[in-house]
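Contents: one structure, followed by commentary.
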Amino acid sequence: MRIGTWNMEKYPFAGQGKGPEAAAFLASARVDLWLLTEVNAGWRTPGEVLVVSPRRVLGDSQRRWAGIQTALPSTPLPDDGRIPAAAEEALCLARVQLPTGSSAATVLVACSVLPWDDAAASWPGLPSGNLNDQARFVLDHHVDRIRRARRPGEPIIWGGDFNQALRRPTPELEQVGYRTLGTVDGIARLRTAFDQCGLRPLTEYAENRMPGREAIDHLAVSRELTVAGDVEVFRPPTTAAGTRLSDHAAYVADVEL
């Protein structure tokens, strides 16, 4: 199965604005299961179904933090009403039915967004304080939801825009003032989260849209799954209007399921 994650930037509509070019970019990667962030709830790809995270507390009802798109049968796994809305609005969780002959009947799929600097301005309900406090608040909730939803032995795919690198910049970049994308503490925090779910990140050493800089969007899969080759980085082209299609690269991997 070919899996991928991409931040679509600013929730495009499929049929207007940059939407057709975003659709062409997605199609060019030939992905079976997309984990999309900054996705429009009305986004449509022929033959596929999009499941989205809950409506955000602030903003247009169509603008969702996260979504899962696939042609495979999928069942959304909404929250049970007992958990913090500010953390839940940035999680899309679904159970995807795998084709006959796969190593498992289903795979648990999670797509997340974590806070960034100044996220509270567009994300009510985050704890006051620094970015580490806010990221921990959301990430801990997502880990708990994933672990509670998982069936015994069920493989997991988790990805999205974590706004957090899994490594520091090279010493050469640090010497000229480049800082860690996210926070230094966030590196260990995100590694621990993946480990708690029995996952290995595929994007640890991937670069982002700017060559030489660390990825902040990630794909992680259950350790027992076989991955063919390295994760592929797809950098979006400039649109026909001369604007950027997205400020994030897409990340794609081939996983045996």
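Things to note:
- Ellipsoid fit via the Cα gyration tensor, the chain: semi-axes of 24, 22, 20 Å, each the root of five times an eigenvalue, largest first.
- Percent RCO, i.e. relative contact order, over the range 2-256, from Cα pairs under 8 Å lying at least 6 residues apart: 19 percent
- Extension gain from ASP118 to ARG148, taking 0.36 nm per residue of separation minus the Cα-Cα distance: 7.8 nm
- Fraction of antiparallel bridges per DSSP, the range 2-256 only, in percent to nearest 5: 80 percent
- Each Lys and Arg adds +1 at its Cβ and each Asp and Glu adds -1 at its Cβ; summed about the Cα centre, the range 2-256 shows a dipole of about 380 debye.
- When only alpha carbons are used to place a centre, the range 37-106 and the range 161-183 end up 30 Å from one another.
- Label-point gap, in nm, between ARG213 and ALA105 - each point 7 angstrom along Cα→Cβ: 4.5 nm
- For GLU9, GLU232, GLU172, GLU214, the sequence from fewest to most other C-beta atoms within 10 Å is GLU172, GLU232, GLU9, GLU214.
- With 0.36 nm allotted per residue and the present C-alpha distance subtracted, the PHE13-ARG244 stretch has 81.6 nm of extension available.
Every number in this text was worked out from the coordinates using simple rules, so none of it is lab data. For clarity, every value in this text was computed on a predicted model and none was experimentally measured. Positions of Cβ are backbone-derived with ideal geometry, glycine not excepted, and every protein chain shown enters the neighbour counts.
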